[in-house]
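This report refers to the structure that appears directly beneath it.
The values are calculated or read from the model by the stated rules, or taken from the named source; none is laboratory data. All figures in this text were calculated on a predicted structure; none of them were measured in a lab. In this analysis, Cβ positions are derived from the backbone assuming ideal geometry, glycine residues included, and neighbour counts consider all displayed protein chains. Surface accessibility is based on the protein's heavy atoms, side chains included, excluding ligands, DNA and RNA. Shrake-Rupley method; radii C 1.70, N 1.55, O 1.52, S 1.80 Å.
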Amino acid sequence: MSTLTIPPALTTPRDDARTLYKAFKGLGCDTSSVIKILAHRDSVQRDLIQQEYETTYSESLSKRLSSELHGNLKKAVLLWLHDPATRDAIILRQALSTQSGPIVDNQAITEIVCSRTPSQLRRLKEVYLSQYHSYLERDIENQTNGDHKKLLLAYIGVPRYEGPEFDQLIVQQDAQELYNAGEKRKGTDEKMFIRIFSERSSAHLAAVASAYKAMHGNTLEKAIKKETSGLFLSGLLTILRCATIQALYFAKILRKSMKGVGTDDSRLIRVIVTRTEIDMHFIKSAYYSKYGKPLTHAVRSDTSGHYKDFLLHLLGPDY
């Protein structure tokens with residue numbers, strides 16, 4: 001469930017484009033007006049505003065925003081302008097490109113790929129190819145390695161059922177095969193973990209986790225932590241946690257991004273911007289249940305200025 005709030009008396013895209021143009025004129029930018037409009041329009045409305053702005057003023061809205069805004073606010077707003085699939089494509093392109101930094105951002109790659117549904121991944125691959133004239137699979141092949149790469153490629157390449165039904169007999173077989181591939185033997189059969197985690201639906205994997213605990217007395221998550229490591233471990237846990245309680249998975253990421261000294265703003269922006277129109281209401285609820293305080297309070301204390309205001313507009317009221 002989304003936390004995006006849209007005014008009941010909505011102005012037209014042309015009026016919004018005009019208001020944004022006025023906000024850019026003169027000395028300095030009227031950032032509050034920019035936030036008031038863009039943080040309260042859905043992806044279709046934002047696209048129409050961009051079309052109207054470019055048609056009327058012969059310049060790209062994103063380029064104008066890029067010159068008017070700065071820092072983390074600029075990063076957040078520019079990412080927010082796009083529809084979900086385009087946002088994911090942009091994040092992955094930046095994460096896979098060594099031009100954006102000295103190393104590949106495996107954390108972002110894992111978070112995006114391993115948390116998306118099969119239909120979201122199909123659309124993401126289409127947009128990625130259209131935008132960058134490169135296959136996502138090829139870039140993952142070239143920029144990642146080991147079992148982590150094998151898991152990512154299998155996960156984006158294998159079509160999976162998205163419905164709630166599953167076969168309990170196959171669930172029990174998978175739970176046993178995972179046990180045989182990990183805790184029961186010396187060493188780990190990574191291929192078996194990759195096969196089951198990339199081929200089974202989320203509902204099926206959630207059932208496998210329950211069956212594993214009932215059959216072997218240990219949680220599947222603990223078994224994965226014991227038997228695997230590094231980026232491969234991170235990928236498997238992301239898939240499993242998103243299959244069981246996805247909102248809690250993102251709540252934990254948000255907590256990590258703001259815990260301790262400093263804030264991981266890239267991760268904070270990535271989660272809030274990409275989940276606002278999808279399931280941020282449930283993430284806020286999971287955050288409150290897990291940590292005993294509203295997510296908005298944490299964001300308010302870890303960010304500042306217009307950057308803080310923009311994120312809070314997306315998050316909506318305190319839970």
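For this structure, a couple of remarks:
- Candidate set: region 90-138, residues that are surrounded by fewer than 13 Cβ atoms within 10 Å (Cβ to Cβ) and in contact (Cβ under 8 Å) with a residue 12 or more places away in the chain; chosen: the one nearest to the chain's Cα centre (by Cα): S119
- Looking across D42, D15, one residue alone is in contact (Cβ under 8 Å) with a residue 40 or more places away in the chain and open to solvent by less than 70 Å² (accessible area, probe 1.4 Å). It is D42.
- Hits in region 167-176 - residues which are aliphatic (A, V, I, L, M) and open to solvent by 50 Å² or more (accessible area, probe 1.4 Å): L169, I170
- Test: residue in region 247-256 that is farther than 17 Å from I112 by Cα and either touching a residue at least 12 places away in the same chain (Cβ under 8 Å) or surrounded by fewer than 17 Cβ atoms within 10 Å (Cβ to Cβ) (or both): yes
- Taking each residue of region 177-195 that is part of a loop (DSSP other than H, G, I, E, B) and looking for partners that are among the charged types (D, E, K, R) and open to solvent by less than 60 Å² (accessible area, probe 1.4 Å) with beta-carbon atoms closer than 6 Å, six or more apart or interchain, yields G182/E227; T188/E227.
- For region 139-166, the tally of residues that are charged (D, E, K, R), over 20 Å from T117 (Cα atoms) and open to solvent by 70 Å² or more (accessible area, probe 1.4 Å) stands at 1.
- Unique match (being buried (at least 19 other Cβ atoms within 10 Å of the Cβ), of a type in the set (S, T, Y) and more than 26 Å from the chain's Cα centre (by Cα)) among Y21, Y53: Y53
- Test: residue in region 292-307 that is part of a helix (DSSP H, G or I), closer than 18 Å to L79 by Cα and open to solvent by 50 Å² or more (accessible area, probe 1.4 Å): yes
- Count - residues of region 113-160 that are of a type in the set (S, T, N, Q) and over 21 Å from S201 (Cβ atoms): 7
- Tabulated pairs, region 200-226, first in contact (Cβ under 8 Å) with a residue 60 or more places away in the chain, second polar (S, T, N, Q), C-beta under 8 angstrom, 6+ apart or interchain: S202/T117
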